[in-house]
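J.: I'd like to ask you about the structure that follows.
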Amino acid sequence: MKYVIRVLPALYMGLIWLLSSMPSDAVVALPAEGIDAFIKESLHLVEFGLLYLLLFLAGLTFGGFRPVMSFVFMGVAILWGLVDEIHQSFVPARSATVIDFVKDTIGVLVVSHFMHHAYFSGKFKRLGDWLRKFERLFAVR
């Protein structure tokens, strides 16, 4: 199971790449254009926050998780957001904007705030307890 957890971030990054290669309405198109646009624009926050979460959880499977790893994972997730926006600029029927990259980055920063502080500083105690339990369960022995 720990190997699946370790591979999930790469698979998810591939999924992001695949979906970015398609027109924005290729998978889902809601009938109300305004709602469709709002939801898809909001998903930038979720999409890259989830990438950071998967990277964080994968990192826990190695044991000895350190703060620097959290920051490296933040950098990887933010950089993938930038790569995604550059990639989209070459895809017909897609666009790349600075504001989308900002939303990607905000999603990473919000999730990293909760994960980092839960694990390292004792804030968000229930989340921190769950993360430590997750690490004990899946970390290399």
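Just so it is clear, none of the values below were taken in a lab; they were calculated from the coordinates. As the structure is a computational prediction, the values presented were derived from the model and not from experiment. No Cβ is skipped: glycine too gets one built from the backbone with ideal geometry, and neighbour counts run over all protein chains shown.
J.: Helix 125-138 versus the longest principal axis of the chain: what angle, 0 to 90°, nearest 10, using Cα atoms?
T.: Relative to the chain, helix 125-138 is tipped by roughly 80 degrees.
J.: May I pose another question? For labels at I106 and L79 in the simple 7 Å Cα→Cβ model, what's the distance in nm?
T.: Here the modelled spin labels are 2.5 nm apart.
J.: Here's something else I'd like to know. Long-range amide H contacts for F62: which residues qualify at under 5 Å (H placed 1.01 Å from N, peptide plane, sequence gap of 5 or more or a different chain)?
T.: For F62, whose amide H was placed from the backbone, the distant partners under 5 Å are V140.
J.: Express in nm, to one decimal, how much length is gained between S95 and M69 on full extension, taking 0.36 nm for each residue of separation and deducting their alpha carbon distance.
T.: Answer, rounded to one decimal: 6.2 nm.
J.: Tell me what the chain gives for mean residue ellipticity at 222 nm when only DSSP H runs of n ≥ 4 count, each as -39,500 (n - 2.57), the sum divided by the residue total, rounded to 500 deg cm²/dmol.
T.: Mean residue ellipticity, 222 nm, calculated: -26500 deg cm²/dmol.
J.: Please state the charge dipole magnitude for segment 2-138, taken about the Cα centre, from unit charges on C-beta atoms (+1 on K and R, -1 on D and E), reported in debye and rounded to the nearest 20.
T.: Value, rounded to 20: 960 debye.
J.: Something else about it: Testing the spin-label approximation: label points 7 Å from Cα along Cα→Cβ at D129 and V4. State their distance in nm.
T.: About 2.6 nm, to one decimal.
J.: With 10 Å bins from zero, work out the P(r) of segment 86-141 over every alpha carbon pair and list the percent per bin.
T.: The distribution over segment 86-141 is 21, 29, 21, 20, 8, given as percents.
J.: While we're on this one: At each listed q (0.08, 0.18 Å⁻¹), what is the log10 of I(q)/I(0) that the Debye formula gives for the chain modelled as equal alpha-carbon point scatterers?
T.: Debye intensities relative to I(0), on a log10 scale: -0.25, -1.00.
J.: Using only Cα atoms, tell me the angle between helix 67-89 and the longest principal axis of the chain; keep it within 0 to 90° and round to the nearest 10.
T.: With rounding to tens, the tilt is 10 degrees.
J.: Okay, next question. Grab segment 2-138 and count how many Lys pairs have their alpha-carbon atoms under 17 Å apart, sequence gap of 8 or more, or different chains. Kindly include the intermediate steps, with their values, before the conclusion.
T.: Working: K2/K133; K40/K103; K123/K133; K125/K133.
Count of close lysine pairs: 4.
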